[in-house]
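The values are calculated or read from the model by the stated rules, or taken from the named source; none is laboratory data. From a predicted model like this one, the values you see are computed outputs, not experimental measurements. So basically every Cβ, Gly included, is an ideal-geometry build from the backbone, and we count neighbours across all protein chains shown.
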Amino acid sequence: MEKRAFGNTGLMTTVLGFGGFHLLEIPVLEANYLLNRYLDAGGNYIETAASYGNGESERKIGQCVAHRRSEYILATKTGERKKEGASRSLDRSLENLKTDYIDLFIMHGVGTMEELDQILAPGGAIEAAEQAREEGKIHHIGISMHGQPDVLIRALKEYPFEAVMTTINYYDHFNFPEIQDELVPLAKEKGAAIILMKPVADGLLWRSSEVAFRYALSQPVSIVVAGMNNREMLEADLSYVDQFSPMSEEETDQLYTNAPELSNYVCRQCGKCIPCPEG
């Protein structure tokens, strides 16, 4: 499986990452099959969060693939904003995941400037992460959010986050153009890894999943993280990666113009609905 540089961390991640949220929807035996099949196919990035099922996703990952810990880069997230809470969250995650270190510890869903202020302030979650890094419990610090990228843009300007996780897909391209126009170039400038999530827009693009993955893989990102809860979905995603060829600028423009999912639901900024200034 193709690998890309994970920012300036020195890590090399496979272009397809395994997102752990949907492990909540399946029994542990099926989770065991999917996680090990992903690793057997050459994948090397597994991501979850403390809040996914109150640790259930982490526990399934620990139960299923802790014995293969040296084969994958492991990321988890905390929604805690204060130092003490983030420290407790990390210790629980380490126990759930049956490991003594996390490769990437992500500040989860930092969606407001107030939350960003909280994690960066004295006694905030970043202090917990920095202390954990000194102790060897984590190796790198990241941040994630959904929606408008203004918080992530400011975050990258104020703190040396080593990875940013954001939504990129052709459905949201018109909803949040600042992600690709401002956030991605800034992350590149800062040497931060870019983790692409929601390649099929929370399932809105499921009928066009192959095109959606090709679009996602064509972006200047380190990795595309996808949630998978059945064998058919996993095999499809693996095939998209195996058959991937970069989408040309012309093909991308055609997608923006002709994609059926965009139709009447997404504003393309074409101006056709604006009243004629001449009446």
Out of 49, 66, sole residue that is buried (at least 23 other Cβ atoms within 10 Å of the Cβ) and either at pLDDT 95 or above or in a loop (DSSP other than H, G, I, E, B) (or both): 49
Consider residue 54 against the criteria (1) touching a Ser or Thr at 6+ places or on another chain (Cβ under 7 Å); (2) over 17 Å from residue 13 (Cβ atoms): it satisfies all of them except one. Which criterion is unmet? (1)
Looking at segment 139-159, I want the residues that are within 15 Å of residue 81 (Cα to Cα) and at pLDDT below 95 and have a partner that is not aromatic (Phe, Trp, Tyr) and not in a loop (DSSP other than H, G, I, E, B) with Cβ atoms under 8 Å, at least 6 apart or on another chain. Which pairs are those? 145/151; 145/152; 145/165; 145/166
Residues in segment 215-227: is at least one more than 19 Å from residue 14 (Cα to Cα) and of a type outside the set (Val, Ile, Thr)? no
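This table checks each residue for (1) more than 28 Å from residue 125 (Cβ to Cβ); (2) modelled with pLDDT of 95 or more; (3) buried (at least 23 other Cβ atoms within 10 Å of the Cβ).
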{"position": "23", "(1), (2), (3)": "no, yes, yes"}
{"position": "29", "(1), (2), (3)": "yes, yes, no"}
{"position": "71", "(1), (2), (3)": "yes, yes, no"}
{"position": "88", "(1), (2), (3)": "no, yes, no"}
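Any residue that is among the polar types (S, T, N, Q), over 23 Å from residue 41 (Cα atoms) and in a helix (DSSP H, G or I) - is there at least one of those in segment 176-183? Steps first, answer last, please.
Taking segment 176-183 as the starting set, the residues that turn out to be among the polar types (S, T, N, Q) are 180.
Keeping just the survivors that are over 23 Å from residue 41 (Cα atoms) gives 180.
In the following step, the residues that additionally are in a helix (DSSP H, G or I) were identified as 180.
Yes, segment 176-183 has at least one match.
Of these, 157, 137, which one is exposed (fewer than 15 other Cβ atoms within 10 Å of the Cβ) and not hydrophobic (A, V, I, L, M, F, W, C)?
On inspection, the qualifying residue turns out to be 157.
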If you go through 90, 74, 35, the only one that is among the aliphatic types (A, V, I, L, M) and in contact with a Cys (Cβ under 7 Å, 6 or more places away or on another chain) is 35
Are any residues in segment 95-118 in contact with a strand residue (DSSP E or B) (Cβ under 7 Å, 6 or more places away or on another chain), over 15 Å from residue 142 (Cα atoms) and among the hydrophobic types (A, V, I, L, M, F, W, C), and if so, which ones? 97
Give me the residue from segment 181-200 that is over 21 Å from residue 77 (Cα atoms) and over 15 Å from the mean Cα position of the chain (by Cα) and, out of that set, surrounded by the fewest Cβ atoms within 10 Å (Cβ to Cβ). 189
Name, by its number, the condition in (1) out of contact with any helix residue (DSSP H, G or I) (no Cβ under 8 Å at 6 or more places or on another chain); (2) within 22 Å of residue 15 (Cβ to Cβ); (3) touching a residue at least 40 places away in the same chain (Cβ under 8 Å) that does not hold for residue 108. (2)
Six or more apart or on different chains, Cβ atoms under 8 Å: show the pairs whose first residue is in segment 111-126 and surrounded by fewer than 14 Cβ atoms within 10 Å (Cβ to Cβ) and whose second is among the hydrophobic types (A, V, I, L, M, F, W, C). 112/151; 113/151
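Counting only residues that are free of Cβ contacts under 8 Å to residues at least 24 places away in the same chain and charged (D, E, K, R), give me the helices (runs of 4 or more DSSP H) lying completely in segment 190-261 with at least 2 of them.
231-242, 249-258
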